[in-house]
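This report refers to the structure that appears directly beneath it.
The values are calculated or read from the model by the stated rules, or taken from the named source; none is laboratory data. Please read all numbers here as calculations on a predicted model, not as lab measurements. Cβ sites come from the backbone with ideal geometry, for glycine too, and all protein chains shown count toward neighbours. In case anyone asks, the SASA skips ligands and DNA or RNA and just uses the protein heavy atoms, side chains included. Shrake-Rupley method; radii C 1.70, N 1.55, O 1.52, S 1.80 Å.
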Amino acid sequence: MTFDINIFHPMGRTIIHLDLDAFYCAVEELHDPALKGRPFAIGGRPEVRGVVASCSYPARKHGVRSAMPMGRALKLCPDLLVMPGRFNEYSRISRQVMEYLYRLTPLVEQISIDEAFLEVTELPEEGISIARRLQMSIREEIGLPCSLGVASNKMVAKIATDVGKVDSPRNSPPNAITVVPPGEEAAFLKPLPVDALWGVGPKTAARLAELGVQTIGDLAEYPEVELRKMFGKNGIDLAKHARGIDNRPISTSHEVKSISQETTFARDDADKSRMLHTLQKLSNRVAIRLQNSNLSAATIKVKIRWPDFTTITRQMTLTQPTDQESQIFNAALQLFLREWQPGKAVRLLGVGVSSLQQGSRQLSLWDDGSESRD
């Protein structure tokens, strides 16, 4: 279901959401045009438990999807070409796209390497015209396909992009533009599944399904007071979002809230020395990222995934924030040893930090780094 319009009400906001179609794959096709029309995927090899980071549209016709184990992807598509990622190149091309957006307006909010919001309310052109010009220019100047959503707020613009991509043919980049006119937000959202809405994850969707809420329209009609009782403040947000209301501004700066590193073992591993070595290596990477960003962290987290894919996270808060590998590793080690028993295999290990603050902080000789339990 798509909506189109030629003009927006002059008093409303005009937000564009831009999503580069199959970005990693599109960059690879720029460097090697012979890849066009072929099923291929960017990611790790199946023998080392690689996952699909991105896949071409011909691969998607076979059921291959991002975040899928590469081994399963090859079973679905035996002819799949598996390629390692060139993430430095993807970052370089992403910067080119974002620089182009900044030429249009300073009100740009980049939300990932291949997605951004723009507010173009003050520009003299209509939203649909700006979207068409953006799409054509990014294709001609940079060589990349993209899809766009245009609406009066960020949430509806993002969902409009998603709807346009789903409604497009699956064997090529969507190159979709979907416009939702002011006043039509609720009508546009009404038939969509409730999990298309921001703030509705699998658990919330399951609870809503128990109440007979299947679509966003169902949610919009549900009593707000009941949603508030069940979901607290999130229930108020759900009620507003279901009616297409989202007053959040474009955020032109992003505060880093956490830093993490993780690794998946090639085979489930129960060797203590290798796991402790991995924890130290991950702690080192996290510490380097903190130091390079002039940040320190008070909360240390460990992530453990067992062979049955059960995943747990544990954390502790230090008495003083730190950017030092030794302090991060010592905390991670304590957390890990509380959960691991000798001989128990591990599939994945991760170390992360949060409660960040500007400035490095090294513990003195009198600080013991002890934690207060969360």
Out of all DSSP beta bridges with both ends in the chain, state the antiparallel percent to the nearest 5. 90 percent
With -39,500 (n - 2.57) per DSSP H segment of 4 or more residues and division by the full residue count of the chain, the 222 nm estimate, nearest 500 deg cm²/dmol, is -11000 deg cm²/dmol
Cut-off 10 angstrom, C-alpha nodes, Gaussian network model of the chain. Which of G37, G183, G343 fluctuates the most? G343
When Rg is the radius of gyration of the Cα atoms in the range 244-296 and Rh is its Kirkwood radius, what does Rg/Rh come to? 1.24
One computes Rg over Rh for the range 1-110 from alpha-carbon atoms, with the Kirkwood Rh, and obtains 1.10
Ignoring ligands, DNA and RNA, what percent of the 1.4 Å accessible area of the chain is carbon and sulfur? 50 percent
Using +1 on the beta carbon of Lys and Arg, -1 on that of Asp and Glu, and nothing else charged, what's the dipole of the chain about the Cα centre, debye to 20? 1120 debye
Near V200, within a Cβ-to-Cβ distance under 11 Å, what is the net charge of the other residues, with Lys and Arg +1 and Asp and Glu -1? 0
Ranking A239, L295, V51 by how far each Cα lies towards the positive end of the charge dipole of the chain (+1 on Lys and Arg Cβ, -1 on Asp and Glu Cβ), the top one is V51
Spherically averaged projected area of the chain from its Cα convex hull (nm²): 21.5 nm²
Heads up, I need the accessible area for R248: 1.4 angstrom probe, whole protein in place, Å², nearest 10. 90 Å²
Need the list of aspartates and glutamates near K240 for cross-linking: C-alpha distance under 18 angstrom, and skip anything on the same chain fewer than eight residues off. E184, E185, D195, D218, E221, E224, E226
Result for the chain: accessible area per residue, probe 1.4 angstrom, in square angstrom, of 50 Å²
Points 7 angstrom from Cα along the Cβ direction at M136 and A187: gap in nanometres? 2.8 nm
Under 5 Å, built H, 5+ apart or other chain: amide partners of D323: A297, R361
With the contact rule set at Cα under 8 Å and sequence spacing of 6 or more, what percent relative contact order holds for the chain? 15 percent
Quick one: putting +1 on the C-beta of Lys and Arg, -1 on the C-beta of Asp and Glu, what dipole do you get for the range 153-200 around its Cα centre, in Debye to the nearest 20? 120 debye
If DNA, RNA and ligands are ignored and the probe is 1.4 Å, what is the ranking of T105, T311 by accessible area, most exposed first? T311, T105
Which angle from 0 to 90°, rounded to the nearest 10, does the C-alpha axis of helix 154-167 make with the longest principal axis of the chain? 80 degrees
Note, the range 114-130: 3J(HN,Hα) by Karplus (6.51, -1.76, 1.60, θ = phi - 60°), whole Hz, Gly/Pro = x, goes 10, 9, 7, 9, 10, 9, 10, 4, 7, 6, x, 6, 6, x, 5, 5, 5
At R0 = 30 Å the Cβ-Cβ FRET efficiency linking T313 and K229, nearest 0.05, sits at 0.55
